[in-house]
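Notes follow the structure.
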Amino acid sequence: MRLDELLAFDFKHIEKRRVSGVEVLVDGRHLAYGFNDIVIGNTFLGTLEGKAVNLSANALLLNEEKKIEEPSSDITTESFRICKNGIALDCSIKKPAQIIISPLRPHEFYGRAVSGVLCSAAFLGESAALALFDQVIIKSEMPLHGFRDFAHSDQLIFSPQEIIQIEGLSPNGQIIVDGNPFARNSDVLQFKVFPNLVDVAIPKNLEGCT
């Protein structure tokens, strides 16, 4: 909602809804919950002098400084691997430029086969997805691929009973949770999805909230 819509909105017309979240753990210790997306990369989206820019995660974490930085695609090392319930998985993108983890809403991709395996989430209850991309997706500029030629991604769905573990991240592989950088002090990250984790208030007539 825009600010003018928010100011004019009648808050009598809201409904409470429970939403799922993905827990981020570092070496088995809780770090944060993500409700929109968790990004592995060196930058996050922000504003500087009124413009949307790519900001350095390290500059904000170490110096509390807003510093423009070019998104790096060098976020993994040669020891990079992803495990699901302790089993290492093969992936077609061996050196992803960006990794994104998101909880999936039950009807978010229903009937949208073009979304790939994510459309199956409609039949799985509350779940989450991890995706590997061959280019940086979340940045202030439009991606290079996917318009003039093909973009590539690997998708993996996981349920509340499953644990995803990522190892082998480079210093550029920082953790951005719902747009907020968090310090990564270890090489081992884990992700779990928790159904119906928190209550949120949603305008009943807000288009797109399902």
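Please label the shape of the stretch 151-210 as rounded, prolate or oblate, based on the square roots a ≥ b ≥ c of the eigenvalues of the alpha-carbon gyration tensor (a/c under 1.5 means rounded; beyond that, a/b larger than b/c means prolate, else oblate). The shape class here is prolate. For a straight C-alpha distance cut-off of 15 angstrom, the aspartates and glutamates reachable from Lys16 (same-chain residues fewer than eight places away being disregarded) are Asp199.
Of the trypsin sites (Lys or Arg not before Pro) found in the stretch 1-56, those in coil by DSSP whose Cβ has at most 14 other Cβ atoms within 10 Å are Arg2, Lys12.
Seen from Val198, the other residues with C-beta closer than 11 Å to its C-beta sum to a net charge of +2, counting Lys and Arg as +1 and Asp and Glu as -1. When you filter the chymotrypsin sites (Phe, Trp or Tyr not before Pro) in the stretch 1-70 for DSSP loop state and at most 13 other Cβ atoms inside 10 Å of their Cβ, you are left with Phe11. A DSSP coil position with no more than 12 other Cβ atoms inside 10 Å describes the following chymotrypsin sites (Phe, Trp or Tyr not before Pro) in the stretch 124-155: Phe147, Phe150. Taking all protein chains together and rolling a 1.4 Å probe, Asp27 ends up with roughly 80 Å² accessible.
Note on the stretch 1-66: Cα convex hull, mean projected area over all directions, 7.3 nm². Using C-alpha pairs below 8 Å separated by at least 6 residues, the relative contact order for the chain is 33 percent.
Between the C-alpha center of the stretch 1-50 and that of the stretch 151-176 there is a gap of 19 Å. With both labels modelled 7 Å from their Cα along Cα-to-Cβ, the Thr47 to Asn185 distance reads 3.3 nm.
In percent, rounded to a whole number, the relative contact order of the stretch 76-191 is 30, using alpha-carbon pairs under 8 Å and six or more apart. Straight-line reach from Lys94: taking Cα to Cα under 20 Å and skipping same-chain neighbours fewer than 8 places apart, the lysines in range are Lys84.
Carbon-plus-sulfur accessible fraction, the chain (probe radius 1.4 Å, protein heavy atoms only): 54%. Cys119 contributes about 30 Å² of solvent-accessible surface, heavy atoms of the protein only, 1.4 Å probe. Note that the chain shows a convex hull volume over its alpha carbon atoms of 151 Å³ per residue. Excluding ligands, DNA and RNA, the accessible surface per residue across the chain is 58 Å² with a 1.4 Å probe. Tell me which aspartates and glutamates have Cα within less than 16 Å of Lys67's Cα, excluding those fewer than 8 residues away on the same chain? Partners found: Glu49.
The values are calculated or read from the model by the stated rules, or taken from the named source; none is laboratory data. These figures come from a predicted structure and were not determined experimentally. Note that each Cβ is placed from the backbone with ideal geometry, even for glycine, and that neighbours are counted across all protein chains shown. Calculation scope for accessible area: heavy atoms of the full protein, side chains included, ligands and nucleic acids excluded. Shrake-Rupley method; radii C 1.70, N 1.55, O 1.52, S 1.80 Å.
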